[in-house]
Amino acid sequence: MILRATRYVVVAAIAAAALVSLSACVPNAHTRATTTAATSIKVTSTASKCAISSSSAPSGTVNFTITNSADQVTEFYVLAKDGVQIMGEAENIAPGAPRTLTIQLGPGDYFTTCKPGMVGAGVGRAAFTVTKSGTKIELTGDAKTQTAAAAASYVAYVKNQVAQLVPATQSFVTAYLAGDMTTAKSLYPQARAFYERIEPVAESFGHLDPELDAREADVATGDQWTGWHRLEKDLWPPAAADNGGTAYLPLTAAERASVANKLDQDTLQLSNEVNAPAYTVSIDALSNGAIGLLDEVAKSKITGEEEVWSHTDLWDFQANLDGAREAYEGVRAIVAGKNPQLVDQIDSTLAGLEKQLAAHGSIQSGFADYNQLSAEQVRQLAGGVNALGEPLSKLTAALVD
Amino acid sequence: MTKSQSTPAAKTRLSRRGLLGLVGAGVVGAGVGLGIDRAVVSAVAAEASAADSSGAASTYPFYGAHQSGITTAAQDRLHFASFDVSDITRSDLIGLLKDWTAAAARMTEGKTVGDGAVSGPLAAPQDDTGEALGLPPAGLTITFGFGPSLFDHRFGLATKRPAALIDLPHFAGDMLDPALVGGDLCIQACSDDPQVAVHAIRNLSRIAFGRASIRWSQLGFGRTSSTTRAQATPRNLFGFKDGTANVKAEDRTVVDEHVWVPTEDSPAWMSGGSYLVSRKIRMNIEPWDRSALGEQQRVIGRTKGDGAPLSGGSEFTEPDFAKKHDSALAIDADAHVRLAHPTHNHGAVLLRRGYNFVDGNDDLGQLNAGLFFIAFQRDPRTQFVAIQLRLAGNDAMNEYIQHVGSGIFAVPPGARRGSYVGAGLFES
């Protein structure tokens, strides 16, 4: 957990302009085609499918027209090739009321997916390829439009992550309370990734972050310890030598139910907070969120202090890095126009760190345990974190410059 | 140390296996230190350091109503050591304290330990280790304390433990390394010359072999507090001035009320003493260095340049915690200066005497750096603990620090000439 409540807030017009509320459909408008030859694609969302009329389009403007054929409200997403970053989305698509999402896409690999009921990981995820058309994609719009779009896109990302965190937490809690410890252990780092990607957001709701994510050392004498790490210790019980010299006492059935149910309830509250109509983020919260997530890596993941019993620190590391990239990508185009050298530096050091970490696994296929890394491997990762940290720390200043 | 072999006092017998003689001669500046106890420079030392402009030849008296090294103007260097007492008897322990007292009194006068470093038989190792030969005392003070664990069953002291000498609670965020916590005894050696401070701990630990051994120790290279008005406020490794609002020796009534244990507090053997709390605080300086100046100033609640509170004024202007800039508090709700301020802690204050440290680097190739916090107070329950409970859960600075070591010690009053440090504990 991060103890910092709020980052230093840069008072600048650009930040104020970015306080937008996200209601329905907000395309990611970082880019715009200078010559418009829009491609139209039809999408049909059902309870279990997300049928798309074409799996590719030339670069430039793409109009997705989504028809909802199920009986629940649905959402449609275009995701970047990492499957996480949201390029554009349409929310609250009612049955029988088609909606069009217009976005500009550069050449590359993407995914499309629908989310009937607006919760869970989504259905019918399919690869979507954008071919090189020669259409030049470049920045446009005034600062207000750009920052509003960036902030709105980030809010959508936060909601998306929380929408996956809720069922993932429930599955974990169910396995844990059923005594299926093998399943609970495998679900633990997967579910936490949704939380770690947006940790600065959870932190902004005061008590929620300590109640969900406090480590044992964070808890003062006499205070109650709840959340993920309380259950982590129960799932990976320490030897007496690692427990201050006393034998670890497993939680009783009643204690398990109490902590697990509170974890569920607090996660639902987080979901309520980010889905509240008034929930917004400012543009500097984006760049500072990226910086804060990397600080998190530097302070507790690279040291193995976050997951002291499960040693799943590299999952958190990857998730923090995912969240940092998402926040960075949101402001990247704006900063590129002001300080292209800085963007080049961040691009290369961020990609370098991602590559370093990928050598140890992935969230999908699993990572090496932190305590399996050699001292040299940890030192190399720390070097990568510092290499990225230096240019990334200048992002907010460049953004509001 | 300077020409100690030429002074009569150097002939006082001192064997590291049993100090019998008690040093009397050669003491300078015998004034009892209630406030500043910086004493007159001895002629011998002054001669040796005539070219030294830093006042390095200063000496402070070892004997007196209070131990030196508390309200003494904070020296530039620290060597602090915590000791575990071996399986010895109560009288052995008293013997150790007598030996330490005699050696400490000599070293603070700029003299060698025992028979010196070079004047004994060639066939024998010498009493003094020798690295301080030719160096002035540089304001050396040596301060002794007793940890809670000394008051167990071993030495018949269980009923003598002061109520104020508590076991510190676990504070939120504590990442204490058991190897850096606690101890039966402690010695704080401060000097303006690092080699003089190290010489003191080295020789005192050598004297203790077989009776006590070092549990953990700490070198500090730059004071982070001023304890007198004559001193400029130094900077800690965050780059900020530290100790602006510290208790100063000149504030006699504050010192008497908040630093020294008064006669009305029990136990009686602690009257004129104080309680020392040490915390090894690791600073996460790499993330700190990457944080914006505005963020750093928000965390501290002061400007980095002058150390003025963000509510305005200059360094010594009282912070105005209610002041607002553009409807936001000028000093953040969780700024360090706000949460640590006496007005937010029922008037609790500490005499801080901390030092910067850099213990090489960690496994990640980052500096193992921070602040070795030392504070003196009348009662840790209402002073350090009350303040730290507030800071541990709320201070914006917590993101950039980790407490990794901890100690609490009862610092008895100063020894009378002819007696030894802590005599009151054993003779009451």
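Points to keep in mind about this one:
- Kirkwood-type hydrodynamic radius, the protein assembly as shown: 30.0 Å, calculated from all non-identical alpha-carbon pairs.
- Volume of the Cα convex hull of segment A:273-401, divided per residue and given in Å³: 115 Å³
- For the residue pairs B:Lys160/B:Lys248; A:Lys394/B:Lys280; A:Lys394/B:Lys304; A:Lys185/A:Lys301, the C-alpha atoms sit more than 27 angstrom apart in B:Lys160/B:Lys248; A:Lys394/B:Lys280.
- Filtered GluC sites (Glu not before Pro), segment A:303-374: DSSP coil and at most 11 other beta carbons within 10 Å: none
- Averaging the sequence gap over all C-alpha pairs within less than 8 Å and six or more residues apart, then dividing by the number of residues, gives chain B a relative contact order of 21 percent.
- Inter-label distance, A:Asp180 to B:Ser119: 8.4 nm, where each label sits 7 Å from its Cα along the C-beta direction.
- ³J(HN,Hα) computed for each position of segment B:282-296 - Karplus, 6.51 cos²θ - 1.76 cosθ + 1.60, integer Hz, glycine/proline x: 6, 9, 7, 6, 5, x, 4, 5, 8, 8, 5, 4, x, 5, 4
- Radius of gyration, Dmax [chain A; alpha carbons; angstrom]: 21.5, 70
- In plain terms, the residue of B:Asp92, B:Asp326, B:Asp192 with the fewest other Cβ atoms within 10 Å comes first and the most crowded comes last, giving B:Asp326, B:Asp92, B:Asp192.
- Inter-centroid distance (Cα atoms) of segment B:171-239 relative to segment B:71-85, Å: 4 Å
- Ordered by the number of other Cβ atoms lying within 10 Å of each residue's own Cβ, fewest first, B:Asp87, B:Asp115, B:Asp306 fall into the sequence B:Asp87, B:Asp306, B:Asp115.
- Of the beta bridges in the protein assembly as shown, as assigned by DSSP with both residues counted there, near 90 percent are antiparallel.
- Cβ charges +1 (Lys, Arg) and -1 (Asp, Glu), total dipole of segment A:148-400, debye: 440 debye
- Springs between Cα atoms under 10 Å define the GNM used for chain B, and in it the highest mean-square fluctuation of B:Phe155, B:Phe62, B:Phe384 occurs at B:Phe155.
- Segment B:Lys323-B:Ala230, extension gain: residue separation times 0.36 nm, minus the distance between their alpha carbons: 30.5 nm
- Residue with peak Gaussian network fluctuation, chain B [Cα springs, cutoff 10 Å], from B:Ser406, B:Ser217, B:Ser82: B:Ser217
- Only Lys, Arg, Asp and Glu carry charge here, each on its Cβ (+1 for the first two, -1 for the last two); on that basis segment A:31-138 has a dipole of about 240 debye about its Cα centre.
- Legend: ranking of residues A:Asp284, B:Asp127 from fewest to most surrounding C-beta atoms inside 10 Å; resulting order B:Asp127, A:Asp284.
- Here the label points at B:Leu157 and B:Thr382, each 7 Å from Cα along the C-beta direction, are separated by 2.5 nm in the simple model.
- Length-normalised contact order of segment B:99-180 in % [C-alpha pairs under 8 Å, at least 6 apart]: 19 percent
- Segment A:194-262 and segment B:341-399: distance between their alpha carbon centers, rounded to Å: 26 Å
- Selected from B:Gly393, B:Val259, A:Pro107, residue furthest toward positive end of dipole (the protein assembly as shown; charges at beta carbon): B:Val259
- GluC sites (Glu not before Pro) within segment B:189-295, DSSP loop, no more than 11 other Cβ atoms inside 10 Å: B:Glu264
- Relative contact order computed over chain A (Cα-Cα under 8 Å; 6+ residues apart), in percent: 17 percent
- With Cα atoms defining each centre, segment A:172-188 and segment A:301-322 are spaced 19 Å apart in the structure.
- Low-density loop cleavage sites - trypsin sites (Lys or Arg not before Pro) in segment A:74-168, where at most 15 other Cβ are within 10 Å (DSSP): A:Lys81, A:Lys132, A:Lys136
- The residue among A:Val331, A:Leu350, A:Gln372 whose Cα reaches farthest toward the positive pole of the charge dipole of segment A:275-401, with charges on the beta-carbon of Lys, Arg, Asp and Glu, is A:Val331.
- Net charge dipole size for chain B [Lys, Arg +1 and Asp, Glu -1 on Cβ; Debye, nearest 20]: 880 debye
- Prolate/oblate/rounded call for chain B, Cα gyration tensor, a/c under 1.5 rounded: prolate
- Most mobile of A:Val219, A:Val119, A:Val62 in a GNM of chain A (Cα contacts under 10 Å): A:Val219
- Label positions at A:Ala276 and B:Thr89, each projected 7 Å from the Cα along the C-beta direction, are separated by 7.2 nm.
- Nearest-ten-degree value, helix B:384-394 long axis tilted from longest Cα axis of chain B: 40 degrees
Taken together, the values in this text are just the output of simple stated rules run on the coordinates, not laboratory data. Fair warning: this is a prediction, and the values are worked out from it, not measured in the lab. Cβ: placed from backbone, ideal geometry, glycine included. Neighbour counts: every protein chain shown.
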